[in-house]
Structure formats: C-alpha cells, structure tokens
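Please read the structure below before turning to the comments.
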Amino acid sequence: MKDPHDIIIRPWITEKSMAMKEEKKYTFVVHPNANKTEIKNAVEAVFGVKVEKVNTINMRGKKKRMGLHEGKRPDWKKAIVTLKKDSKPIEFFESL
Amino acid sequence: MKVNVEKIENNVATLKIEVGADEFEKALDQAYRKNVKRFNIPGFRRGKAPRKLIEMHYGPEVFYEDAAEIVLSEAYKKGVEENNLEPVDHPHFDIDQIEKGKGVVATAKVAVKPEVDLGEYKGLEVEKMVYNVTEEDVDKELKALQDKNARLISVERPAQKGDIVIVDLEGFVDGEPLKDGKVQNYPLELGSKILVEDLEEQITGMEVGETREVKVTYPADHPNKELAGKEVSFNVTLKEVKEKELPAIDDEFAKDVSEFDTLEELKQDIKNKLEERAKSFAESSLRGSILKKLTEQAKVDIPQAMIDREIERLIMDFAFQLKMRGMDLRQYLEASQLSPEEFKAKFQDRAYNNVKTSLVLEAVAKAENIEVSEEELDAELSKYAESAQKSLAEYKKGLKEENLAHIKDRILTRKIFDFLQSHARVTEKVVERIAENEGEGEEEQA
C-alpha cells in the first residue's frame, strides 16, 4: 500500500473550503492518480477520523505563456472528504 | 489591568501599566477586526481571512501595535482617573514586554499640571488708579454734545474760520490735473485740518461765488508720497458758506438731547457716567496690578507642552480674526514675510503669561477653597436671563455645556479677585487722565 502521506499532498485552504468545515467537509489536494478509496483510507489513517464519502475533481493546470512559448501547469486532483456524523473533526483544520 | 503611579518628577508622571493576557487577547481581536481589510491572503477575498491565517502568514506581531494602542490608552485613562492626575500633554508610552498569551508591560510618561508656588499672596502691595471727575470734564462733555447738535445756516459773508464751506476743487501739479484731484460740492470745515492747512487758510475770506487759484505747498511729511513737498495749485470755487449755530446750553437744550428736563439733571447724568467710567477703570487697574504682582512672585515650572498648546490656541484665534477680515493665515505669513517658526515665536511670551496666569489663579482658588456654588451660578444666570427676557430654566436650557463652564469660570475669576483684593494692601494713586489700555487682560480664563 502507498504511504498515505503521498496521497494527501496538502490541505486546500480557501474561503469556500473554510465555510464547508461546518458541514464536516474537508478539502485536500491529492495525488492525481489516487482513487476515492485510497483517499478515504489515507485520511482515516492520517487524522484518525471516520470518512463517510469522498468527492474528487480533476483540476486542469492553467495555461501560462512566456511570449511565444506556451506552457502548462501540472494537472492536479482536489478531493472533498465528508466525515461521518459521529466522527471527530480533523484537528488541523480546527486550529485555523 | 493594573496601573500604578511610579513617581512624579519635574511635572512628569510615570505610570507602570500591566495588562493581562486575556485583556490583551481581546484587544488583539479588536485590532484584527480593525485591520482585516488590509491583508491579502490567497484563497480569500480581502477582509474575509481568519485571524489565525493572517497571523500564520504575517507573524503574530502584525496586530501588536494596534492592540497595544487599544489596551494602553484604556489603561492610561484608568490610571489618570484613579490617581487624579491632570495631564497637559499626550502621554508617551514605552513598551517593555508584549506577547500573545502573556500580556503587556509598559510605562507611560506624561507631563502633568505643575505645582504652583504662590509665595505670599495675601497682603499684596497693589496700586489702584483713581481719577477724580471734575467740573471741567463735565463741561467738556457738554461742549462736545453742543457741537454735535449744532445747526448749519447759510450766511452771506466771507468765509471765516469755523465755518463749513461748500467748494468745488480742482488740483494741478505743474499744470497737469491731479489724479482724483477734482471734487465738487465738497463740504469743508475751515480749521478742521482735514485738508492741507494752507489751503483752508486761503479759502478763509473768500466770498460766495468767487473763484480763486490757490497755491499750496504740501508739507514734506505728507502721507501722500506723490504730493509731499510739491507745490499744487487748486482752482477753488466757493459755493456756499455755512455757519455753525451752536444751541445755547440751557434746560431747553437738555430736553432736546437727553431724556432730562433740566440742565442740572443732564449735568448730573454726565457726571455720573464719567464717574462710573473712572470707577471701572480703577477696578480694572487694581485687578491688573494684583495680577501682575501675583504672577511676578509666583514660581511655577511650566511644561513646554502647555505653552505649545496655548500658542496653538492663540494662533487659531489669530487665524479666526484674519478670516473675519478675509485673509487666511498663509496669506498673512507671506505678506508679513514671516516663517511659521518666527510667527510662532512671536506668541511665546504671551502664551507663557496666559498659562502662568491661569495656573496661578487656579492655585489661589485651590489654596483658599474658592468654588462656585450652584446657587451662585443660578444667581448669575438669572441676571443674564432677565436681560434676555426669559425665565431662568428656559435660559439654562439654551446654554451649551461649554457656555455654562465659561460662565462658571468667570464667576470663579471674579471671586478669586475679590478674595485677593480684600487681602491686599491697596494704595490709591490719583492719575490725571484715564488711559484706556491700562489694566487690560485680567479677564483671561482661570
């Protein structure tokens, strides 16, 4: 099994994601190749919480150009993890 | 929150301020709310970022400055109240320790109202200028009244000194007509010295209808520089001669010019008025003398901050007066070629005196427990109310807080002077005439 810390890359902290904390939904940037089950297991292992479900979104990297040369930022995957009602919250987010 | 006065030295009070962690936390929160709009954090619109995130991004010190200001000013206010300090300047804070979760330790320094060493303020040797009204003064007033009520009658005779003549004038210098040198139907009192004396003299003796060329040499010190020292010739046409007819001073005259029926009464009234003037002059000279002696002997170490503030006030006053005359301060400075510093320096002495005067008077009031009671205030107010034809309550309602304070101040000042006067050794000095400016300025605020 992959190391859960390779699957969960970092938290995705925005105004919107902070607001979703109220609904026990926590947002992360995850490895693009990770599937929902892997993400669920990784979150449960790292934070010691119970996951209800995982929604994922493939985010396209933005196109950037320097003059003539067009480039592209890497694609990435965003995961919105919903915790079970009886689960404790993720501590890291609570400190924000 | 703990505030202690450590010491007071040279009119500077040092306050030790300790603020607990909780209170500081509250202040930090206030500071956060005040400043959120300034911080930009990716993922958040301006003003929406949570406080923790901002502190993570910018370090926990970002809010210290504002939070410190909030807690310190609050603590300072408390300290001033609890210790009955009378600060005259803005405080200066030195922060010794400031940390989230620990609180703030700081010292505040502020200039306070200085102690006044009054010296021996009872039994001051003061002078009172006394002027005795004489019969001559009354006669002089009467004459002026007579002159004011003189009638003009046209007469058929050559012009004499004291006559009012109606003339057309046209002036020439070296054959050239003068600018603005032509006037018609100009009423001229011969002997009034409004125009060049020489000219008036030469008109004397002219007949009505006569035209004469009159040569006049303007004196070298004539205010009109273009004409000073030059010979000017005037074409003068005399149109009319009027004689002043002075009314006879008798009961009839008294009836005409005043509400009195007899000359005797009018005279008495004039005398009363003159005496009143002499009396108020004596009073104000006495007050001035007291004030001068008192401030001279009093020793007080006035903080510069107080003087600066008074200077500011004087300048504001001055600017206000300028405004009434349609000027502003900058224009004035340009016109008088003063730098702002020089201009300020001009007020230094006056400001010093004003501050000293008010401090000294205050000190006297304190030393003698002179206070203005509500009854006294009401008594004074009802006087004003009466002249405004309102009831006392009505009049009081129309007054603002500061007006009331001002009136109170005035009563207090008067009481202080009454006290000093009754304890002073007054010598009377008879003076020849009433100098208007003597003894002014004693109405300054206490």
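Counting other C-beta atoms within 10 Å, and keeping those with at most 10, which DSSP coil GluC sites (Glu not before Pro) do you find in region B:54-124?
When the GluC sites (Glu not before Pro) of region B:54-124 are filtered for loop state and at most 10 Cβ neighbours within 10 Å, B:120 remain.
Please build a GNM for chain A, connecting alpha carbons under 10 Å apart, and tell me which residue among A:19, A:79, A:42 fluctuates the most.
Highest fluctuation of the listed residues: A:19.
With only alpha-carbon atoms in the gyration tensor, what are the semi-axes of the equivalent ellipsoid for chain B, in Å, largest first? Working shown, then result.
Working: eigenvalues 904, 245, 96 Å².
Value: 67, 35, 22 Å, ordered largest first.
Using only protein heavy atoms and a 1.4 Å probe, how much accessible area in total is buried between A and B, to the nearest 100 Å²? Numbers along the way, then the final one.
Working: alone 6710 and 28140 Å², together 34240 Å².
Adding both sides of the contact gives about 600 Å².
For region B:334-378, place one equal point scatterer on every Cα, skip the solvent, and apply the Debye formula. What is log10 of I(q)/I(0) at q = 0.18 Å⁻¹?
One equal scatterer on each Cα of region B:334-378 leads to -0.68.
Can you give the FRET efficiency for residue A:33 and residue B:18, using 1/(1 + (r/R0)^6), R0 = 56 Å, r = Cβ-Cβ distance, to the nearest 0.05? Intermediate results must be reported in sequence, preceding the final value.
Details: r = 58 Å, r/R0 = 1.03.
Efficiency at R0 = 56 Å is approximately 0.45.
Along its principal axes, what span do the Cα atoms of region B:255-431 show, with the longest given first and each in whole Å?
Principal axes ranked by extent give 62, 46, 44 Å for the Cα atoms.
Over 23 Å between Cα atoms: which of B:323/B:408; B:122/B:366; B:113/B:299; B:293/B:366 fall into that group? Mind dumping the intermediate values first?
Numbers: B:323/B:408 29 Å; B:122/B:366 14 Å; B:113/B:299 13 Å; B:293/B:366 19 Å.
Those over the limit are B:323/B:408.
Give me the distance between the Cα centres of region B:68-101 and region B:377-427, rounded to whole Å.
Cα centroid to Cα centroid, the span is 37 Å.
Semi-axes, largest first, in whole Å: what does sqrt of 5 times each Cα gyration tensor eigenvalue give for the protein assembly as shown?
After scaling each eigenvalue by five and taking roots: 86, 39, 23 Å.
How big is the equivalent ellipsoid of region B:3-142 along its three axes, where each semi-axis is √(5λ) from the Cα gyration tensor, reported in whole Å from largest to smallest? The partial results should precede the final answer.
Working: eigenvalues 666, 107, 18 Å².
After scaling each eigenvalue by five and taking roots: 58, 23, 9 Å.
How would B:22, B:378, B:147 line up by accessible area, probe 1.4 Å, largest first?
Numbers: B:22 125, B:378 45, B:147 75 Å².
Ranked list, largest accessible area first: B:22, B:147, B:378.
Which loop-located GluC sites (Glu not before Pro) does region B:232-280 contain, where loop means any DSSP state but H, G, I, E or B and the Cβ has at most 10 other Cβ atoms within 10 Å? If you can, show how the numbers build up before the last one.
Working: sites: B:240, B:243, B:245, B:252, B:259, B:264, B:265, B:275, B:276; in loops: B:259.
Within region B:232-280, the qualifying GluC sites (Glu not before Pro) (loop, at most 10 other Cβ atoms within 10 Å) are B:259.
At 222 nm, what value in deg cm²/dmol follows for chain B if DSSP H runs of at least 4 each add -39500 (n - 2.57) and the sum is divided by all its residues, to the nearest 500? Working shown, then result.
Details: 13 runs with 204 residues, N = 446.
Using -39500 (n - 2.57) per qualifying helix, the result is -15000 deg cm²/dmol.
Roughly how many Å is it from the Cα centre of region A:1-34 to that of region A:65-87, as a whole number?
Cα centres, region A:1-34 to region A:65-87: 10 Å.
Can you list the DSSP H helices in chain B whose Cα atoms extend at least 27 Å along the helix axis and whose mean Kyte-Doolittle hydropathy is -1.0 or higher? Walk me through the numbers on the way to the answer.
Numbers: long enough: B:263-297 (51 Å, -0.96); B:304-324 (30 Å, 0.10); B:340-367 (39 Å, -0.51); B:401-422 (32 Å, -0.46).
For chain B, where a helix must reach 27 Å along its axis and average at least -1.0, the hits are B:263-297, B:304-324, B:340-367, B:401-422.
Kindly write out, for region A:69-77 in residue order, the coupling ³J(HN,Hα) from the Karplus curve 6.51 cos²θ - 1.76 cosθ + 1.60 (θ = phi - 60°), rounded to whole Hz, with x marking Gly and Pro.
7, 9, x, 8, 6, x, 5, 8, 10
When the Cα centres of region B:44-65 and region B:1-34 are compared, how far apart do they sit, in Å?
23 Å
In whole Å, largest first, what are the principal axis extents of the Cα atoms in region B:109-219?
Principal axes ranked by extent give 80, 49, 22 Å for the Cα atoms.
Hand me the tally of lysine pairs in region B:230-276: alpha carbons under 24 angstrom apart, and the pair either on different chains or 8 or more positions apart.
Details: B:244/B:255; B:244/B:267; B:255/B:267; B:255/B:271; B:255/B:273.
Here the count comes out as 5.
For region B:283-330, what number results from the quotient of the Cα radius of gyration and 2.2 N^0.38 Å? List each step's numbers first, then the result.
Working: Rg = 15.9 Å, N = 48, 2.2 N^0.38 = 9.6 Å.
So region B:283-330 has a normalised radius of gyration of 1.66.
Taking square-rooted eigenvalues a ≥ b ≥ c of the alpha carbon gyration tensor, is region A:4-85 rounded, prolate or oblate, where a/c under 1.5 means rounded and, failing that, a/b exceeding b/c means prolate? Before the final figure, lay out the partial values.
Working: a/c = 3.06, a/b = 1.92, b/c = 1.59.
Cα axes put region A:4-85 in the prolate bin.
Helix-only mean residue ellipticity at 222 nm, chain A, DSSP H runs n ≥ 4 weighted -39,500 (n - 2.57), per residue, nearest 500. What is it? Mind dumping the intermediate values first?
On the way: 4 runs with 26 residues, N = 96.
Computed ellipticity for chain A at 222 nm equals -6500 deg cm²/dmol.
Can you tell me which lysines have their Cα less than 17 Å from the Cα of residue A:72? Leave out same-chain residues fewer than eight positions away.
Within reach: A:62, A:63, A:64.
Please find, in a Gaussian network model of chain B (springs between Cα atoms separated by less than 10 Å), the residue of B:163, B:250, B:198 whose mean-square fluctuation is greatest.
Comparing B:163, B:250, B:198 in a Gaussian network model of chain B, the most mobile one is B:198.
Are there GluC sites (Glu not before Pro) in region B:122-194 that DSSP marks as loop and that have at most 13 other Cβ atoms within 10 Å, and which are they? Working shown, then result.
Working: sites: B:125, B:127, B:135, B:136, B:141, B:156, B:170, B:189; in loops: B:156.
In loop regions of region B:122-194 (DSSP not H, G, I, E or B), the sparsely surrounded GluC sites (Glu not before Pro) are B:156.
Tell me, in nm to one decimal, what length is gained between residue B:348 and residue B:328 on full extension, where the rule is 0.36 nm per residue of separation less the Cα-Cα distance? If you can, show how the numbers build up before the last one.
On the way: separation 20, 0.36 × 20 = 7.20 nm, distance 2.09 nm.
Difference between extended and current length: 5.1 nm.
Given a Förster distance of 25 angstrom, what is the FRET efficiency for residue B:419 paired with residue B:297, based on the Cβ-Cβ distance and rounded to 0.05?
Details: r = 17 Å, r/R0 = 0.66.
After rounding to 0.05, the efficiency reads 0.90.
Using just the alpha carbons, could you tell me how many Å³ per residue the convex hull of region B:283-378 encloses? Could you put the intermediate results ahead of the total?
Working: hull volume 16.1 nm³, N = 96.
Value for region B:283-378: 168 Å³ per residue.
What FRET efficiency, computed as 1/(1 + (r/R0)^6) with R0 = 25 Å and r the Cβ-Cβ distance, is obtained for residue A:57 and residue A:2, rounded to the nearest 0.05? Don't jump to the answer; show the numbers that get you there.
Details: r = 20 Å, r/R0 = 0.82.
Efficiency at R0 = 25 Å is approximately 0.75.
Heavy atoms only, probe 1.4 Å: what % of the accessible area of chain B goes to carbon and sulfur, would you let me know? Mind showing how you got there, number by number?
On the way: 12900 of 27860 Å².
About 46 percent, which is the carbon plus sulfur part of the accessible surface.
Shielding by partners for B:53-59, please: the mean number of other protein chain Cβ atoms within 10 Å of each residue's Cβ. Don't skip to the end; give the middle numbers.
On the way: counts 3, 0, 0, 3, 0, 0, 0.
Rounded to a whole number, the mean comes out at 1.
The values are calculated or read from the model by the stated rules, or taken from the named source; none is laboratory data. Predicted model only: the values in this text are computed from it and were never measured. Here Cβ is always computed from backbone atoms with ideal geometry, including for glycine, and neighbour counts include all displayed protein chains. Protein only, heavy atoms only, side chains kept; ligands, DNA and RNA dropped before computing areas. Shrake-Rupley method; radii C 1.70, N 1.55, O 1.52, S 1.80 Å.
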